[in-house]
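Notes to accompany the following structure.
The values are calculated or read from the model by the stated rules, or taken from the named source; none is laboratory data. The model shown is predicted, which means the values in this text are computed figures rather than measured ones. For neighbour counting, all protein chains shown are included, and Cβ atoms are generated from backbone atoms with ideal geometry for every residue, glycine included.
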Amino acid sequence: MHQQAIRACLAAAACAAAMLLPQQAAAQPGDYPNKPIRMIVGFPPGGPTDIVARVIGQALGEKLGQSIVVENRPGAGGNIASEAVAKAPADGYTLLYNTSSITIAPWVYARVGFDPLKDFAPVALTAEMPLVLMTNPKVSARTPKELVQLIKSQPGQFNYGSSGTGAIEHLTSAQFTSEFQLKATHVPYKGTAPALVDFLAGQTQFMMTTLNTALPYIRDGRLKALAVTSHSRTATLPDVPTLAEAMSTNFASTAWQGIVAPANTPPPVVEKLNGAINAVLKNPGVRKVLAEQGVDALGGSAAQYGAFIQSEYKRWEGVVKASGARVE
């Protein structure tokens, strides 16, 4: 019996050791990656963020030699996905394809389950796109100046929609109305799609949304593009001025995206991911696909992305407080 007990103990120890081996191997940065990587997106499949994430994820998987599995966890303006990644193992196998919402949400929501400055290891800034100031064709304004004059002549009669309170569309529109002292009513919707339905029907009169979302409606003439919110004109709509240019102001606000990992992810893993992402973003094929959607591929070091997140976190604090946006 004694020998049988020893053999049983040895067998159990061998099984335990075998189970530990893959985990130990996965934890070694030099072997990374040796299994598929999950990239979590906090927005629904087929949406503008998801589409870009999948383009980059496909190319990144090919570059790293492992599949990137995109997992959608929509809800609470991206907060559900952000919290899940903040609490995930810091081994490089769970990433967040984040948007600017990670720097906005802490100022808008009464509670978020993450700290954007402490709970993530910045990996790379991937892309940005301007928002487009648009009107319904029923609105007579053809330029931002005409729109401002029209709203001022009818205070309180104009509505603007967004995908929800505290969303970048809401806050950028609120920034616009505040800067030009306009009295207009914000109408929040549960997502961009329903906001666009009412906008197209004329229930709201103007709106700001991301270029890749707006393009189909602008191209078929259902909506009028008055200006873009980037620092310079976009090649996708070269005849549309920037808001700063049209209004002689410094106004600028872009929707940006990036990739972060849980805090304490080993630096060599972050460095390897950053190098692969930058290579992908320089790929002419990837850049072409993104450009067709009005998305500019970016890139840069992990440290640069960290500094950018900090600066955007501070900037959005002021915008949110001025707008009064709050979700309990």
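For (1) within 19 Å of the chain's Cα centre (by Cα); (2) among the small types (Gly, Ala, Ser); (3) closer than 26 Å to Ile104 by Cβ, each residue gets a yes or a no:
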site	(1), (2), (3)
Lys224	no, no, no
Thr229	yes, no, yes
Thr236	no, no, yes
Lys272	no, no, no
Ile277	yes, no, yes
Leu281	yes, no, yes
Ser301	yes, yes, yes
Tyr305	yes, no, yes
Can you tell me which residue within segment 65-98, out of those that are part of a loop (DSSP other than H, G, I, E, B) and under 14 Å from the mean Cα position of the chain (by Cα), is modelled with the lowest pLDDT?
Gly75
Note on Ala201: of the conditions (1) farther than 13 Å from Leu133 by Cβ; (2) over 20 Å from the mean Cα position of the chain (by Cα); (3) crowded, with 19+ Cβ neighbours inside 10 Å; (4) of a type in the set (Gly, Ala, Ser), unmet is (3)
Residues in segment 111-124: is at least one touching a helix residue (DSSP H, G or I) at 6+ places or on another chain (Cβ under 9 Å), surrounded by 14 or more Cβ atoms within 10 Å (Cβ to Cβ), touching a residue at least 60 places away in the same chain (Cβ under 8 Å) and not assigned by TED's automatic domain parsing to the domain that holds Leu298?
no
For segment 158-245, which fully contained helices (runs of 4 or more DSSP H) count at least 1 residues that are within 17 Å of Asp296 (Cβ to Cβ) and in contact (Cβ under 8 Å) with a residue 24 or more places away in the chain?
168-179, 211-219
Only one of these is among the small types (Gly, Ala, Ser), in a helix (DSSP H, G or I), modelled with pLDDT of 95 or more and surrounded by 12 or more Cβ atoms within 10 Å (Cβ to Cβ): Ala59, Ala26. Name it.
Ala59
Taking segment 289-311 as the search range and keeping residues that are closer than 28 Å to Ser178 by Cα and at pLDDT 95 or above, which one is surrounded by the fewest Cβ atoms within 10 Å (Cβ to Cβ)?
Ser311
Sort out which residues of segment 108-123 are modelled with pLDDT of 95 or more and not small (Gly, Ala, Ser), and write them in order of number.
Phe114, Asp115, Pro116, Leu117, Lys118, Asp119, Phe120, Pro122, Val123
Looking at Thr135, Thr99, which is the one that is out of contact with any helix residue (DSSP H, G or I) (no Cβ under 6 Å at 6 or more places or on another chain), of a type in the set (S, T, N, Q), more than 16 Å from Gln310 (Cβ to Cβ) and buried (at least 23 other Cβ atoms within 10 Å of the Cβ)?
Thr135
Got a sec? Which of Ile168, Ile151 is over 28 Å from the mean Cα position of the chain (by Cα) and crowded, with 19+ Cβ neighbours inside 10 Å?
Ile151
Considering each residue of segment 86-116, count those that are under 24 Å from Glu169 (Cβ atoms) and among the aliphatic types (A, V, I, L, M), and give that number.
7
Gln66 surrounded by fewer than 17 Cβ atoms within 10 Å (Cβ to Cβ) and under 21 Å from Asp296 (Cα atoms):
no
Every pair of residues 6+ apart whose Cβ atoms lie under 8 Å, when the first sits in segment 58-80 and is not assigned by TED's automatic domain parsing to the domain that holds Gly92 while the second is modelled with pLDDT under 95 and surrounded by fewer than 18 Cβ atoms within 10 Å (Cβ to Cβ)
none
Give me the residue from segment 215-237 that is out of contact with any Pro (no Cβ under 9 Å at 6 or more places or on another chain) and among the charged types (D, E, K, R) and, out of that set, surrounded by the fewest Cβ atoms within 10 Å (Cβ to Cβ).
Asp220
Does Lys87 qualify as being assigned by TED's automatic domain parsing to the domain that holds Thr204, among the charged types (D, E, K, R), touching a residue at least 60 places away in the same chain (Cβ under 8 Å) and farther than 24 Å from Thr213 by Cβ?
no
